[in-house]
Every structure is written in structure tokens, then in C-alpha cells.
Amino acid sequence: MGYTEKKVRGERVYTGVIVKVELDDAELVDGTVVKREVVMHPGGVGILPVDADGTAFMVRQFRYPFSRELLEIPAGKLEPGEDPRVCAERELGEETGFTAGRFIDLGVTYASPGISDEVLHIYLALDLVPGRQHLDEDEYLGVEKWPLEKLHEMVLRGEIRDGKTEIAVMKAREILRNGG
């Protein structure tokens, strides 16, 4: 189609603990120059652990931007240069205590492509082996057991609003219904 935008100028306006923000001038296909704000994020992973009987293990944690607790799949931020699968294994262990005998790659999703370059890698974790949860020192969350079918219904009713969780539940359900 050719609807590209070309960066003309960029300025870093914020550097935080996790994100950086740039304010760019971008040229549109008709030559018009517009402002673009870009939140640069290192990316992350989300993991949906499901045991042999179809029970999924979710985390409930407070999300500051929304001032409420959300039910989500376990997830975490990629370290610089870290392989997403390695990150998924680490985050699954930290947040739930589980290790998985098998990971199925459910693909990537762009968290908010209109404003951020964040890429989330999503996995289904199977053949779970329980262990001890070992959260980061600033992390407070609870692990909850949910039937995958119930989570699917919750997604369809709009009761789960976290995008990575919606994607993981929908894709995992289809994969598991078709023999995994």
C-alpha cells in the first residue's frame, strides 16, 4: 500500500526505570510533518500454565494505572538480549512456582502499536511440575486456579480485559481442543 511514515527528527523526552519516551517528527506520504510520541519498552512474555485436567493457573495483582486488581496470565519483562523462551521459564517459576515440561509458542502481539513498540511473546505451558513461588521483592500477587473453559467464557463476556490474557486463553483453548 505504501502508507509509510519517515522519521525526520527525534528527541528523547523521558527515560524511566522501564520505558523511554521519544517525541518524533514524522513525514507522511503527502509530505505533511506530524508529531509522534513513542513509548519504547523492552518487551515481555506472558505464559498460560494449564495442567492435564484443563485447570489454568492465573495471577491476580494490583495494576497501578487502573487502580484495581486484574486477573491475568503470569507475565514479565524481558531483560536486554534475553531469549523470550528463557524469560517465560523464569517468569513462570517466579510467579507460580511451576516449571513446565513443554512450552507451545502462541506467537507475539503488539501491546499498543499506536503509541508503543512493546512486543509480547505468549506461551502455553504444559506438563507442569509444582515448586516454590519466588517473587521479585516489589511484586505482590496471588495465584488462582481456574478452569480454562470458565476463563474462555469470561473473555467472551468481557470480564477479562487484559489483552495478553485474552489472546492466550483463546489460542490455548483452540490448541488444546485440537489435541495440543
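The values are calculated or read from the model by the stated rules, or taken from the named source; none is laboratory data. Nothing here was measured: the structure is a model prediction, and the numbers come from that model. Here Cβ is always computed from backbone atoms with ideal geometry, including for glycine, and neighbour counts include all displayed protein chains.
Just a few scattered comments:
- K150 vs. criteria part of a strand (DSSP E or B), in the same structural domain as A52 (by TED's automatic domain parsing) and either among the small types (G, A, S) or farther than 30 Å from R36 by Cβ (or both): no
- Residues (closer than 29 Å to G158 by Cβ and either part of a strand (DSSP E or B) or more than 16 Å from the chain's Cα centre (by Cα) (or both)) located in region 66-95: F66, S67, R68, E69, L70, L71, E72, A75, G76, K77
- Hey, I160 touching a helix residue (DSSP H, G or I) at 6+ places or on another chain (Cβ under 7 Å), in contact (Cβ under 8 Å) with a residue 24 or more places away in the chain, assigned to a loop (DSSP other than H, G, I, E, B) and surrounded by 17 or more Cβ atoms within 10 Å (Cβ to Cβ) or not: yes
- Residues of region 169-180 satisfying the condition of being modelled with pLDDT of 95 or more and either assigned to a loop (DSSP other than H, G, I, E, B) or surrounded by 12 or more Cβ atoms within 10 Å (Cβ to Cβ) (or both): V169, M170, K171, A172, R173, I175, L176
- The one condition from (1) surrounded by 17 or more Cβ atoms within 10 Å (Cβ to Cβ); (2) part of a loop (DSSP other than H, G, I, E, B) that E166 does not meet is (2).
- Some residue of region 92-104 being under 29 Å from E137 (Cα atoms), touching a Ser or Thr at 6+ places or on another chain (Cβ under 8 Å) and in the same structural domain as I167 (by TED's automatic domain parsing): yes
- Yes/no for A56 being buried (at least 17 other Cβ atoms within 10 Å of the Cβ), under 30 Å from L151 (Cα atoms) and not hydroxyl-bearing (S, T, Y): yes
- Residue match in region 123-139 (condition: under 19 Å from I160 (Cβ atoms) and part of a loop (DSSP other than H, G, I, E, B)): no
- Taking the criterion of being crowded, with 16+ Cβ neighbours inside 10 Å and under 14 Å from I47 (Cβ atoms), the residues of region 116-132 that qualify are L120, H121, I122, Y123, L124, A125, L126, L128.
- If the condition is being part of a strand (DSSP E or B) and in contact with a helix residue (DSSP H, G or I) (Cβ under 9 Å, 6 or more places away or on another chain), then region 33-60 contributes G44, V45, G46, I47, L48, P49, V50, T55, A56, F57, M58, V59.
- Subset of region 105-115 [assigned to a strand (DSSP E or B), touching a residue at least 24 places away in the same chain (Cβ under 8 Å) and surrounded by fewer than 17 Cβ atoms within 10 Å (Cβ to Cβ)]: G107
- Residue match in region 93-104 (condition: among the hydroxyl-bearing types (S, T, Y) and touching a residue at least 40 places away in the same chain (Cβ under 8 Å)): yes
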